[in-house]
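Remarks on the structure that follows.
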Amino acid sequence: MKLSVLISVIMTLSVIVLGIAFPGTTTKASDGATKHVIKQGESIWDIAKQHGVPIGKLKEVNHNVNNVAEPGKTLIIPHVMNDKDKELLARLVHAEAKGEPYRGKVEVAGVVLNRLDSNEFPDTVREVIYQKNQFSPVGDGSINKPAGKDAKRAVNEALAIHGYTNDALYFWNPSISDSEWMKQLEVIKIIGGHHFAI
């Protein structure tokens, strides 16, 4: 057995049997909470993106007021969205923003999150995405295709920065959509082929 494999096995067994957590590891506590041990060079921002939790919520739950990520310290990772909803959102991002810059993928996910916060839209990820005539991938079935790695990463980043970015509730590609109603919206950002508006 190679030495690196043996070390990996010993570390895993230590986490399971002894409850020892090594820097950079994520574990489930007995109370069901997810915990992350900060590794050298890791920031609060990195951890928020990795786990797909709003940076403000991560800091609040861990009473972190100074943005310092102390190596070896254990952080509680708050639960903000279940895996099923994250996967559905990633599939929408993949279908809507395939071929768009990564930043545009993050913004597409952000539109759905902003709609969840708005009184004008439904209250769940599924209801927002499947609301009638809102997203073309629902109508053409491309929402059912697996999400790529970038789309999944974009969802986690959108969750991490949620509350710190713009309030766009709509996006469209003017070279594809000829909706007169959309053209009347206030465009606040253009990324790639997408216009983002409120």
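Can you give me the Cα centroid spacing of segment 183-198 and segment 88-146 in angstrom?
About 16 Å separates the Cα centre of segment 183-198 from the one of segment 88-146.
Which of the lysines could be linked to residue 149 by a straight reach, that is with a Cα gap under 21 Å, when you skip same-chain ones fewer than 8 residues away?
Reachable lysines: 49, 84, 86, 98, 105.
Would you list the P(r) distribution for segment 22-147, with all Cα-Cα distances sorted into 10 Å bins from 0 and each bin expressed as a whole %?
12, 36, 29, 19, 4
Would you list, by chain and number, the aspartates and glutamates whose Cα falls below 18 Å from the Cα of residue 73, excluding same-chain residues fewer than 8 positions away?
42, 46, 60
Keeping all protein chains in position, work out how much accessible area residue 117 exposes to a 1.4 Å probe, and write it in Å² to the nearest 10.
110 Å²
Residue 126: net charge of surrounding residues, Cβ under 9 Å, Lys/Arg +1, Asp/Glu -1, itself excluded?
Once all neighbours under 9 Å are counted, the net charge is -1.
List every residue whose amide H lies under 5 Å from the amide H of residue 170, counting only residues 5 or more places away in sequence or on a different chain, with H placed 1.01 Å from N in the peptide plane.
Amide H to amide H, under 5 Å and 5 or more residues apart or across chains, residue 170 pairs with 197.
The values are calculated or read from the model by the stated rules, or taken from the named source; none is laboratory data. All figures in this text were calculated on a predicted structure; none of them were measured in a lab. Cβ atoms come from the backbone with ideal geometry, glycine included; neighbour counts cover every protein chain shown. Remember, those area values only see protein heavy atoms, side chains included, never the ligands or the DNA or RNA. Shrake-Rupley method; radii C 1.70, N 1.55, O 1.52, S 1.80 Å.
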